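Participant: Structure below; questions to follow.
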Ligand SMILES: [Mn+2]
């Protein structure tokens, strides 16, 4: 669907639910919040549920989301799926697939299959879902205030790794400057998301660096964290991300970085990153049943990581 149709659909709905993907990241959470704040201004009834504790992970964002286990889908005219494009990646997947509610995807991940047959508005070139929302919120006739600007900028900062990834475009930077102009606080976002890392994060990074290997033939480095590592460090497995982001920016030899984390015994999560624009990691992740962007993709496979050898069996 085009943006005019999208805006029409949103304006026609009275009660709207917004949903993000499982384990929502900065872009997902701030997309939800930006839409909630904007649609409130249009006097829409809007519900946004997420299962994570926003206030501890994103203390600088306005607290307009609820942490809930169940989605109350009564009388909903429209469901907007943000930052993901298939129901299986989303929160409340079961409730949503049971009910036949009108749903629209707003996302920047390339849509290769549309198994749920949903309507969608996707811009693969956008650095973040919030980059798309900036335009849509403007077309809805909502003025971007300081709170909305902070949310939108958070999505840009987190999905570009502070404007360091190759998905950062001229448009992204222009948009960021508009958002600063609207009162967003960049240094607060960067400090809270990147600089102030707890001791446990550094210990996890230490473990990943200890297990770092380099395959010269492919200009590729990989690090792994076994389930035993996670247990020994007594660390929240949700925290075990961001390692690939760090390595791809810091490791000179590597064109591709892969981090493998055995989140549960027998379940390995892989995240791929590259700085080389000619490499399409989305295609690599698809081989393992995952997906994502050209420069940043991920997958989940069942398997075990052997501690002695670093060998991966899947
Ligand atoms: Mn995103």
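Just so it is clear, none of the values below were taken in a lab; they were calculated from the coordinates. Because the structure is predicted, anything quoted here is derived from the model rather than measured. Neighbour counts are summed over all protein chains in view; Cβ atoms, including those assigned to glycine, are modelled from backbone coordinates with ideal geometry.
Participant: What full-extension length gain, to one decimal in nm, is calculated for residue 88 and residue 163 as 0.36 nm per residue of separation minus the Cα-Cα distance?
Facilitator: 24.1 nm
Participant: Given a cut-off of under 8 Å on Cα pairs at least six residues apart, what relative contact order in percent is computed for region 199-313?
Facilitator: 20
Participant: Also: Could you work out how much longer the chain between residue 146 and residue 228 gets when fully extended? Use 0.36 nm per residue separation minus the Cα distance between them, nm to one decimal.
Facilitator: Contour length minus the Cα-Cα distance gives 25.1 nm.
Participant: Here's a follow-up. Apply the Debye scattering formula to region 199-313, with a single equal point scatterer on each alpha-carbon and no solvent, then give log10 I(q)/I(0) at q = 0.12, 0.20 Å⁻¹.
Facilitator: Taken in order of the listed q values, log10 I(q)/I(0) reads -0.38, -1.09.
Participant: Return the inverse of the average 1/r over all pairs of distinct C-alpha atoms in the chain, which is the Kirkwood hydrodynamic radius, in Å to one decimal.
Facilitator: 20.2
Participant: Per-residue ellipticity at 222 nm for the chain, helices alone: DSSP H runs ≥ 4 residues times -39500 (n - 2.57), over residue total, nearest 500 deg cm²/dmol?
Facilitator: Estimated from H runs of four or more residues: -10000 deg cm²/dmol.
Participant: A further question on this structure: In what order do 74, 228, 275 fall by count of nearby beta-carbon atoms within 10 Å, going from fewest to most?
Facilitator: Least to most surrounded, the residues fall as 74, 228, 275.
Participant: Okay, next question. Quick check on the chain: of the DSSP beta bridges with both residues there, what percent are antiparallel, nearest 5%?
Facilitator: The antiparallel proportion sits near 50 percent.
Participant: Expressed as a rounded percentage, what relative contact order does region 19-82 have, with Cα pairs under 8 Å and six or more residues apart?
Facilitator: Answer for region 19-82 is 40 percent.
Participant: If we sort 107-113, 157-163 on the protection proxy, mean other Cβ atoms within 10 Å, highest first, what's the order?
Facilitator: The peptides rank, most packed first, as 157-163, 107-113.
Participant: Something else about it: Quick check on the exposure proxy: order 246, 214 from fewest to most C-beta atoms within 10 angstrom.
Facilitator: In increasing order of surrounding Cβ atoms, one gets 214, 246.
Participant: Between 0 and 90 degrees, rounded to the nearest ten: what's the tilt of helix 170-181 against the longest Cα principal axis of the chain?
Facilitator: Rounded to the nearest ten degrees, it is 60.
Participant: Restricted to Cα positions, what overall size does region 42-190 have along the principal axes? Three whole-Å values, descending.
Facilitator: In descending order, the Cα extents are 42, 33, 30 Å.
Participant: Under a point spin-label approximation (7 Å from Cα along Cα-to-Cβ), what is the residue 74-residue 217 distance to one decimal in nm?
Facilitator: 6.2
Participant: Using 7 Å Cα-to-Cβ label points, what is the residue 188/residue 265 separation (nm, one decimal)?
Facilitator: Simple spin-label model gives 4.5 nm for this pair.
Participant: Okay, next question. In degrees, nearest 10, range 0 to 90: what is the angle between the Cα axis of helix 199-210 and the longest Cα principal axis of the chain?
Facilitator: 50
Participant: Pairs of Cα atoms under 8 Å, at least six residues apart: use those to get the relative contact order of region 3-194, whole percent.
Facilitator: 24
Participant: Return the FRET efficiency for the residue pair residue 118, residue 275: r is the Cβ-Cβ distance, R0 is 22 Å, and the value is rounded to the nearest 0.05.
Facilitator: 0.10
Participant: Take peptides 40-53, 9-22, 194-207 and line them up by average Cβ neighbours within 10 Å, highest first, as a rough protection proxy.
Facilitator: With the highest mean Cβ count within 10 Å placed first, the list reads 9-22, 40-53, 194-207.
Participant: Using the alpha-carbon atoms, what tilt in degrees (0 to 90, nearest 10) does helix 146-159 show relative to the longest principal axis of the chain?
Facilitator: 30
Participant: Hey, with R₀ at 22 Å, roughly what FRET efficiency would residue 125 and residue 12 work out to, going by the Cβ-Cβ distance, to 0.05?
Facilitator: Calculated value: 0.20.
Participant: Separate question: Of 148, 215, 190, which has the largest mean-square fluctuation in a 10 Å C-alpha GNM of the chain?
Facilitator: 215
Participant: Shifting gears a bit: Quick one: order 274, 169 by neighbouring beta-carbon count within 10 Å, fewest to most.
Facilitator: Going from sparsest to densest Cβ surroundings: 169, 274.
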